[in-house]
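Asker: The structure's right below; bear with me while I get my questions together.
The values are calculated or read from the model by the stated rules, or taken from the named source; none is laboratory data. Given the structure is predicted, the values throughout are model-derived calculations rather than measurements. Every residue, glycine as well, gets a Cβ built from its backbone with ideal geometry; the counts of neighbours run over all protein chains shown. We work out accessible area using only protein heavy atoms, side chains counted, and drop any ligands, DNA or RNA first. Shrake-Rupley method; radii C 1.70, N 1.55, O 1.52, S 1.80 Å.
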Amino acid sequence: MDKPAVYAPNPKLAKNAHISSMAQYKEMYAKSIDKPEEFWLPVYKQFHWETPYTPGKFLSYNFDTEKGPVEIKWLDGATTNVCYNLLDRTVRCGNGDRIAYYWEGNDPEDYSRITYKKLLQEVCRFANVLKDHGVQKGDRVAIYMPMVLEVVIAMLACSRIGAVHAITFAGFSSDSLAERILDSKSKLLVTADCVMRGEKLICLKDICDTAMDRAAEQGHVVECCIVVEHLARLNATLNAQDNGHANGTNGTNGNSNGTNGTNGSAAYKKVDMKEDRDFWWTEEMEDAPSSCYPVWVSAEDPLFMLYTSGSTGKPKGVLHTTGGYLMYAATTFKYVFDYKPNDVYWCTADVGWITGHTYVVYGPLANGATSVIFEGTPFYPGNDRYWSVIDKYKVSQFYTAPTAIRSLMKFGDEPVLKHSLASLKVLGSVGEPINPEAWLWYYKMIGKEECSIVDTFWQTETGGHVLTPLPGCTPMKPGAASFPFFGVQPVLLDEAGKVVEGPGEGYLVFNRPWPGMMRTLFGNHERFQQVYFSRFPGYYCTGDGARRDEDGYLWVTGRVDDMLNVSGHLMSTAEVESVLVEHASVSEAAVVSRPHPVKGECLYCFVTPNEGAVFDKKLTDELKKQVRERIGPFAMPEVIQNAPGLPKTRSGKIMRRVLRKVALNDRDVGDISTLADEGVVDQLFANRPPEA
Ligand code: WTA
């Protein structure tokens, strides 16, 4: 294989960057590993601590299950409040009039902005609303919201009173939401009436109603549901515009404009409100005081939990805590995006995912940054929407996923060339490995060979970037996540747990905690230890494989477990299989991942029909619908194949590598002598459906 090309950072960018040479990076990195306390102390000092950490207790941890329970503690003894550090601190420094967010709606006519000062007032008001409804420190608050400013307000209001937000991405089904509400035992739910995604109307409150019913049937009652009048407001605004009263630009917070529950929006009327449980956001906020004293919490008290797929099916409630997460979100944001005052930063991720938590909300606000929040899709009203938004707000850092880049590449260069992208300086990629072709298009067509690309590898569990180039110093190799961030020590291990030194490939693990890593799985420390620390004692196991090249660059090669990544959404084959076998006509199912040109990976499902059941289009349509409804639209199977028999070993284990070959139509299946019935393999190839 040819040695891959290396792209040096633009010297203009490097000159003024926070970290402008590899020598500087190496020096800082060495310090972060050798003297963590000394390294993090200046970061710690930027923030307000109501009580300082106990001397000698900066960091304590155990990663080795053989020595005792896994434990990670940063800043023991310290107390603080994340919301206070994000908002009050910025306002008190005299930056209250700075824009925190430009909000860009699905409809290009619908946009607004909010300053730090106004955001603080709104957050305090909502914190008071939460308190009025009995939410206290440590209580979980479920959030199921579109990308509107209220979602940030709700998150920070939780943090202000020490409550723990548990967001479910608003593309998940009511079943998935119910499962998360039940597991987190959320007391209150915040949602919106409806949302438009492109031209599609999605009624979030209806989904919440079903989810709350499901949760109640299984023994957990959500006491209160607060509903943002999102679509009602949009309809009111657009009606006003039609009447010549357009006012999208100069309100400091468009979301508090014009909704009073009496305007005649059709979507608004459709929402069912249950007495004494459901309340309108605007009505609740109306009389709430705009100041709220922060609740000081311990550095290791929970800040939020967020579910991620587990390879055994049931989602895992990843728990992040306060002090370390704050320091890590702030530091990664500053260095990885090289954020400077007056930059405008835009991360396209939904707040329903970890990227939205750390790099739409916590990281940017901890730096007093100005960000864009975008509600819509890259394809509406045209395929140039991203580029037009970059041009509109003069975005300097743009952060998106490879699947989005690939899907936009398909439309060629013309939609890009319609807009000026001259403001761009750093381009980020996250969620899955980026293929060199997409990398090069991003670099050349979007970045005009002037921008650095940061291919950031991390996970819900890691809280922030762990492997990434830095824009002012790292020579870039397309597709390489490159080097560890400060405080992170990656190790590659072989199958036997032996360390792979120098160039080679292995399991990607970490041998020590960095401040932002998860602390446990909510309510299940056993599972936390088992999933992440049992395979290789003494190491946190990412579940990904990686390769180290001759120059020491790390290349993440993808999952080594039964997980897959569809358009950047991590899911397990097991969770899809369990939905498929619920169908009355299916006796068995096995799901594998197959590479997909746009989505990265897609789901290829094998199902064995029950005796007497017919495998036809009706069945496959029903199965697709079932997966969609039970998990979410993003989990939609690409192919469902009839598999009267599955390739099983004599001990009954399904040989998935054979199924992956069938999915690829690759006859080179390797050694199948341990199969109970080798004939099954030919039958599977013969049964590949035409659309596969
Ligand atoms: C994958 C998303 C290669 C990886 C922040 C990881 C990546 C999983 C990259 C976590 C990248 C994320 N290169 N693979 N730059 N970024 N991944 O929890 O398999 O939704 O384990 O967090 O995405 O997905 P999660």
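Asker: What 222 nm value per residue comes from the helices of the chain, counting each DSSP H run with n ≥ 4 as -39,500 (n - 2.57) and dividing by all residues, nearest 500 deg cm²/dmol?
Answerer: Rounded to the nearest 500, it is -8500 deg cm²/dmol.
Asker: Taking the alpha-carbon distance from K599 and a cut-off under 15 Å, which aspartates and glutamates remain once sequence neighbours fewer than 8 residues away in the same chain are dropped?
Answerer: Leaving aside aspartates and glutamates fewer than 8 places away in the same chain, those within reach of K599 are E432, E437, E638.
Asker: What percent does the relative contact order of region 104-212 come to when contacts are Cα pairs within less than 8 Å and at least six residues apart?
Answerer: Here the relative contact order equals 28 percent.
Asker: Please identify the trypsin sites (Lys or Arg not before Pro) of region 431-525 that satisfy two criteria: DSSP loop assignment and at most 14 other Cβ atoms within 10 Å. Which are they?
Answerer: K448, K498
Asker: Which of the peptides 231-237, 574-580 is most tightly packed, and how do the rest follow, going by the mean number of other Cβ atoms within 10 Å of each residue?
Answerer: Descending packing order for the listed peptides: 231-237, 574-580.
Asker: A further question follows. Tally the DSSP beta bridges in the chain and give the antiparallel ones as a percent, rounded to 5.
Answerer: Approximately 60 percent, going by the DSSP bridge assignments.
Asker: Relative contact order of the chain: what whole-number percent is it, with Cα pairs under 8 angstrom and at least 6 residues apart?
Answerer: 14
Asker: Could you calculate the contour length gain from E223 to L417, that is, 0.36 nm times the residue separation minus the distance between their Cα atoms, to one decimal place in nm?
Answerer: Residue separation times 0.36 nm, minus the Cα-Cα distance, leaves 64.7 nm.
Asker: Within straight cross-link reach of K12, meaning Cα distance under 16 Å, which aspartates and glutamates are found once same-chain residues fewer than 8 apart are removed?
Answerer: Within the straight-line cut-off, K12 pairs with D338, D343, E449, E450.
Asker: Exceeding 18 Å between C-alpha atoms, which entries from my cross-link table qualify? They are K73/K334; K394/K448; K26/K498; K45/K118; K187/K314; K137/K314.
Answerer: Where the Cα-Cα span goes over 18 Å, the pairs concerned are K73/K334; K26/K498; K45/K118; K187/K314; K137/K314.
Asker: Whole percent per 20 Å bin, from 0 to the bin with the longest distance: what is P(r) over all C-alpha pairs of the chain?
Answerer: Spelled out bin by bin, the chain gives 17, 53, 28, 2 percent.
Asker: Still on this structure: Compute the accessible area per residue over the chain, keeping the other protein chains in place, probe 1.4 Å, unit Å².
Answerer: It amounts to 38 Å² per residue over the chain.
Asker: For region 96-139, which trypsin sites (Lys or Arg not before Pro) are both in a DSSP coil and crowded by at most 16 other Cβ atoms within 10 Å?
Answerer: Here the sparse-neighbourhood loop sites are K137.
Asker: Could you tell me the ratio Rg/Rh of region 494-595? Both radii from Cα atoms, Rh via Kirkwood.
Answerer: 1.04
Asker: How large, in percent, is the carbon and sulfur part of the accessible surface of region 538-669 at a probe radius of 1.4 Å?
Answerer: C and S atoms contribute 49 percent here.
Asker: What FRET efficiency do you get for Q530 and A496 if R0 is 25 Å and r is their Cβ-Cβ distance, rounded to the nearest 0.05?
Answerer: 0.80
Asker: Related question: Suppose a student asked you for the relative contact order of region 543-661, using Cα pairs under 8 Å spaced at least 6 residues apart; what percent would you report?
Answerer: Answer for region 543-661 is 20 percent.
Asker: Using a 1.4 Å probe on the protein chains only, how many percent of the accessible area of region 407-537 belongs to carbon and sulfur?
Answerer: 53
Asker: Out of the trypsin sites (Lys or Arg not before Pro) in region 599-692, which ones are loop residues according to DSSP with at most 15 other C-beta atoms within 10 Å?
Answerer: Listed in order of number, the matching sites are R650, K653, R667.
Asker: Computing the accessible area with a 1.4 Å probe over protein heavy atoms, can you report the carbon and sulfur percentage for region 137-201?
Answerer: Looking at region 137-201 in its full context, I get 48 percent from C and S.
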